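Below: one structure, written as structure tokens.
Readers should treat all values here as calculations from the given coordinates under stated rules, not as data from a laboratory. For clarity, every value in this text was computed on a predicted model and none was experimentally measured. Cβ placement follows ideal geometry from the backbone for every residue including glycine, while neighbour counts extend to all protein chains displayed.
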């Protein structure tokens, strides 16, 4: 019998609110598959913590083995982390795993790692532990062919309300050139076990459960069964899925009409509306069907929808990408996530980068610098537009301002956000100052009526933050304002704060009901006496 080893599994998450799944899989696999029952401890940390503190927690108890889960967000810390661990424990055995080392194993084996586990670790990690303990076995290491349950009592004790992650299938049926998940088929975990894990997560105190399945609805029948199960739960959790919109069936769309508002959130990767670009990276999407299904989802009105684009793919120039951006924006999703191509180790696109003429940063996250269709300057323009988009539309800010200005100015969404990004330059400022910048930028655009602009901004700020931090240029003072406050108090049957009511340029009173918040947009309900005199009525609800 081999020696019982003291094993520490370390995850370094991007934020405190995130939790790890990989290290708990490995801990459960060691318990299930190791011939020797090793002493396994899990340590979760974040990239924002002091690295000396991470090292101190990792080496506590003098482990024999330290296993580290390595991803694009934490790999930069690895050289300093490994060196620090070696200084504390010169004889410790360090095992690395995860996508950042799977396809770059030789490098890390030359730089302070003793072993690198490539690909799935549920079988190979326990086998390696046994080997290192001196236990000899003739069993061959195979792929993980059984469901390993990562959700132990210790996992739930450590979760502490953070975002939880669950994997109900592994792999992807598609083979996109920029991704690592395809080409290996899809392994579906046992549906009854999956349901039990979902139920436990829903009862754990977490607010959000994210499915890491790369294309959750690639098996429509299975997706229907899981979604139907989630619908029946008595929980306030939000469940997040990555789906392919063109694979949504009418049965699933019908089912989703009955989902409690806020229960489901979909992230939908379009990546590009340029067919030549999609073909070049082997992205298979029926764009017309995807658009139609996204509009159907949004029409249901109870599901938060994210739509994703990737800038920097082959054949997509600045002008062509702007067309993709505008087409995606006008879908009306709650978020339009604009990402930039990252040349991941092991991806086909990275292997073919020289052939494509793609230049990218050699340091994580390996972001594109230029390609034959987008110069560095073009990418800087896209980053400027993305910054403006992120701080307004994607945060649910100034939505009626955006709708009004785009309606009258003649600007396309991309032109608007590019201009806003160049005008504001840095969006990291208090909301009051930011609102003033938005007002001054928009008031200079063609055909914008500053009175209507002001009224849109007032209503937006009431809906966003209940009127707090309203810039002086938007405020009404004097008796009329107090009349608005008294009017709102009477309507709401409670004392209303001075910031919660305003007077429109039409002379009408507008106020916010802070007790009513939309579960999808997270905006408070804004009310006014006469809807016929207002701008962008579809943004506001609850009219008298």
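List the relative contact order of the chain as a percent without decimals, with contacts defined as Cα pairs under 8 Å and 6+ residues apart.
8 percent
Please grab the % of Cα pairs in region 182-298 that end up more than 19 Å from each other.
Details: 3355 of 6786 pairs.
Distances greater than 19 Å cover 49 percent of the Cα pairs.
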Taking the Cβ-Cβ separation of residue 317 and residue 352 as r and a Förster radius of 22 Å, what is the calculated FRET efficiency to the nearest 0.05?
-> 0.70
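Which shape class applies to region 373-420: rounded if a/c is under 1.5, otherwise prolate when a/b exceeds b/c and oblate if not, where a ≥ b ≥ c are the square roots of the Cα gyration tensor eigenvalues? Provide the component values of the computation, followed by the final result.
Numbers: a/c = 3.74, a/b = 1.64, b/c = 2.28.
Judged from the Cα gyration tensor, region 373-420 comes out oblate (a/c at least 1.5, b/c at or above a/b).
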Go from 0 up to the bin containing the longest alpha carbon distance in region 270-354, width 10 Å each, and give me the % of pairs per bin.
-> 16, 47, 28, 8, 1
When only Cα pairs under 8 Å and 6 or more residues apart are kept, what is the percent relative contact order across region 34-148?
-> 24 percent
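Among rounded, prolate and oblate, which fits region 397-505 when a ≥ b ≥ c are the square roots of the eigenvalues of its C-alpha gyration tensor, a/c under 1.5 means rounded, and a/b larger than b/c means prolate? Mind showing how you got there, number by number?
On the way: a/c = 2.47, a/b = 1.95, b/c = 1.27.
Judged from the Cα gyration tensor, region 397-505 comes out prolate (a/c at least 1.5, a/b above b/c).
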Volume of the Cα convex hull of region 1-137, divided per residue and given in Å³ | 98 Å³
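Multiplying the sequence separation of residue 423 and residue 299 by 0.36 nm and subtracting their Cα-Cα distance, what value in nm do you get?
Numbers: separation 124, 0.36 × 124 = 44.64 nm, distance 3.40 nm.
Stretched fully, the residue 423-residue 299 segment lengthens by 41.2 nm.
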Distance from region 259-313 to region 442-469 (C-alpha centre basis), Å | 30 Å
Jot down the per residue volume, in cubic angstrom and as a whole number, of the convex hull over the alpha-carbon atoms of region 87-130.
-> 79 Å³
Which three extents, in whole angstrom, do the alpha-carbon atoms of region 163-374 cover along their principal axes, largest first?
-> 52, 33, 28
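Provide Rg over Rh for the chain; use the alpha carbon set for both Rg and the Kirkwood Rh (inverse mean inverse pair distance). Spell out each step's value before the answer.
Working: Rg = 26.3 Å, Rh = 26.1 Å.
Rg divided by Rh gives 1.01.
Starting from the Cα gyration tensor of region 19-77, take the square roots of the eigenvalues, sort them a ≥ b ≥ c, and report rounded, prolate or oblate (rounded when a/c is under 1.5, otherwise prolate if a/b is larger than b/c, else oblate).
Working: a/c = 2.64, a/b = 1.53, b/c = 1.72.
It comes out oblate by the Cα gyration axes.
For residue 37 and residue 53, compute 0.36 nm times the residue count separating them, minus their Cα-Cα distance, and round to one decimal in nm.
Working: separation 16, 0.36 × 16 = 5.76 nm, distance 2.85 nm.
Result: 2.9 nm gained on full extension.
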What does the helix-only formula give at 222 nm for the chain: each DSSP H stretch with n ≥ 4 adding -39500 (n - 2.57), the total divided by the residues, and the result rounded to the nearest 500 deg cm²/dmol?
-> -11500 deg cm²/dmol
